[in-house]
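Below: one structure, written as structure tokens.
The numbers here are math on the coordinates, done by the rules we state, and not lab data. It should be emphasised that the depicted structure is a prediction, and the values quoted were computed from it without experimental measurement. Heads up, the Cβs are rebuilt from the backbone with ideal geometry, glycines too, and the neighbour counts pull from every protein chain shown.
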Amino acid sequence: MIEVPVLPWEKIDWSDERVQKIYLDWGVFNTHKQQLDIAANYYDKSLELKADDARALVYRSLCKRDIAQTEGALEDALAALEIEPQNAIINQEICQALHELNQFENCKLELHNNSRKYIGRKASRFINKLIVIDENFNDTVGDTLSPFILRNEKIFADVLAFLEREKYVDPRPLWKVLNELGKCDVLSILEKEEVLLSPREVARRERAFRVFNQIYYNKSWIDVLFLKSLRENPNLLLPQNKVSTPFLRNLVNTKYDVVKKFLKMLQARSPVYTEQLRKCPNRKIWEAQRQKHLNHIQYQTRRNMLTILRTIRQLRAAGKIKQLSKYVEEVMGDYVVLKTHRVMPWKFEFINEVYNTLALAYADIYTAPPDMNFHYDTRNRLIRLLKVPIDKNKDRSMKFVFGDKSTYQEPDAIDYPLLAYKKYLARLEKRMHFAKYSIEKCYLLYEIAQSHLSQSRFEECCSVARKAIEESKNCNSYLWRFLSTLLICKSHAVLHKVERGRDALNEAYDCATLLKSDELLHFIDVCRVSIETEISLKKRAQSVDSVRRRKSRSSIVSSHLSQNSSGSGNTNQEEKKDDDEFE
């Protein structure tokens, strides 16, 4: 090991005892200035020079308690007690550390022992602390515990089982555990299974987090929420900054862990059920206020539902289908899904009304042109009728023009439509996991199929549309069955699979018959005429091609035969000439 030479100005001519006291004084000074990390560093240097300094150990214990390192503070206090067993300040520091570690029984035991050991002012410190510990016991296991157990006794077994699973350590090797579970046992990096939570559970946890912080931090709870959001904030943790970003990430995570540890200390001393009861001791008044609040939410929810229905009908009447689809997805995916049957007892009826109105709006766009001899070209006539957008910009090649940035083609350019498609698809698939009603599943499957169709994923579109058709049978919704069948027609029409498109149109005609809609029946008839025309043109083109091939084949054979016949005539003339010359 190479020894680093000490430079002259780095040498200190004072003795180790003097330097140790200087480090200790600097640590005390920085502790008063609330620069706790620097103070802890000086305490460490002081103890490196003299490990049996009880005063330095006590000061470092105080510093560690201030930065929520309570386990280390208890270790330093016990080490100081071995050096000076009769020091009351050190015993008091041990009791404080046990209290902050939520070891109330051990703390009470130490306080009783020390209150008998000392007299006078020294004993009063431990007696006053005993009063605090007794109040903590009263808050945790006092009169407020029984109502809490009666309200939550049904979930105690699940919570205890979860805690046992978390504490259990499997002694078997990892490959054996994975092999018995039927998983791959050669993974070098284990995949983390994402915990899929329902939207209502996510909202419940967010609200519980806010309430929990509001109880103990009062108005400072918003700062805790902001500190939590900073841990993954890209505006603070810039990936370009290779030096400052790791430091800031470590700083934010460390400070948030400190806040959480102090919050757990407060919650252990006075649990949430005690704090809630303390704010309103009279249970009858508290229950009356709760019912009043729930009724207020129910009435406000009813008014919001009426406003939503009014807006949906107005958008349908105005023909703004894209705005209507976006509005329904936001309302049903972000607002209605969070409502319980307590505040929204008419939830099933509302969901049916919204999705049926949206389906009617989707069906309104399928109308036949007023003129039967419409001017669309024969090849794309069915595509135009089914309102499939034909993007001609993709077929256009962009010409590079120097100085015109709109013509630049960057190799690493972000495909924003593809990102929006993936994000929207993930949202719909997540909603599918928690959808309870068949009509909601029909809507979600239809939107997923429509998203696949917009990205030209025709096979996926047909597969999901067939699932929507099967799901529509559970809720007897002929309208969503009709719309899903038309999606299959669109996919076949774009791919020019006319025979399969004709079969899908026949299924759509049966659905329109069940719907008893003359406009939809007329629209399907026009589509069937168009596809029959396309089929006849296709057969005619195939027959013309076959005739052309036959003619080309026969002309090739005839030319070959003529060449052979001309060749044989020339040979006869040559033989006759040779005979004449011989004669």
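Assorted remarks:
- D (Stokes-Einstein, µm²/s), Kirkwood Cα radius, region 236-394, 0.692 mPa s at 37 °C: 147 µm²/s
- About the Cα centre, charge dipole magnitude for region 198-279 (Lys/Arg +1, Asp/Glu -1 at Cβ), debye: 200 debye
- Estimated translational D of region 154-309 in µm²/s (Stokes, Kirkwood radius over Cα pairs; 4 °C; 1.567 mPa s): 62 µm²/s
- Descending Cα extents along the principal axes, region 102-212, whole Å: 68, 36, 24
- Near the amide H of Gln69, within less than 5 Å, lie no amide hydrogens of residues on another chain or at least 5 residues away, with H placed in the peptide plane.
- Going by neighbour counts of Cβ atoms within 10 Å, the residues Trp221, Trp286 line up, fewest first, as Trp286, Trp221.
- Taking N as its residue count, the alpha carbon Rg of region 14-143 over 2.2 N^0.38 Å: 1.15
- Euclidean distance of C-alpha centroids, region 297-335 and region 233-256, integer Å: 41 Å
- Multiplying the residue separation of Glu470 and Leu150 by 0.36 nm and subtracting their alpha-carbon distance yields 110.7 nm.
- J(HN,Hα) series, region 434-445, from Karplus relation 6.51 cos²θ - 1.76 cosθ + 1.60, nearest Hz, glycine and proline x: 10, 6, 9, 9, 5, 5, 5, 5, 4, 4, 5, 5
- As a calculated quantity, the FRET efficiency between Tyr437 and Asp518 at R0 = 30 Å, using C-beta atoms, amounts to about 0.50.
- Normalising the average separation of contacting C-alpha pairs (under 8 angstrom, six or more residues apart) by the number of residues puts the relative contact order of region 14-143 at 15 percent.
- Going from the fewest other Cβ atoms within 10 Å to the most, the residues Lys326, Lys129 appear in the order Lys326, Lys129.
- Full-extension gain in nm, Gln455 to Ala208, via 0.36 nm per residue minus C-alpha separation: 84.9 nm
- Footprinting exposure proxy ranking of Lys539, Lys490, fewest other C-beta atoms within 10 angstrom first, gives Lys539, Lys490.
- In terms of the mean number of neighbouring beta-carbon atoms within 10 Å, the peptides 201-209, 59-67 order highest first as 59-67, 201-209.
- When the alpha carbon gyration tensor of region 283-364 is reduced to an equivalent ellipsoid, its three semi-axes come out at 32, 10, 10 angstrom, largest first.
- Rounded FRET efficiency, nearest 0.05, which uses the C-beta distance separating Thr311 from Lys192 and R0 of 45 Å: 0.65
- Inter-label distance for Glu429 and Ala157, nm, one decimal - labels placed 7 Å from Cα along Cα-to-Cβ: 3.6 nm
- A Förster radius of 45 Å, combined with the Cβ-Cβ distance separating Ile131 from Ser229, puts the computed FRET efficiency at roughly 0.70.
- Label zone at Tyr256, where the point sits 7 Å out along the Cα-to-Cβ direction: region 42-79 residues whose backbone N lies under 20 Å: 67-69
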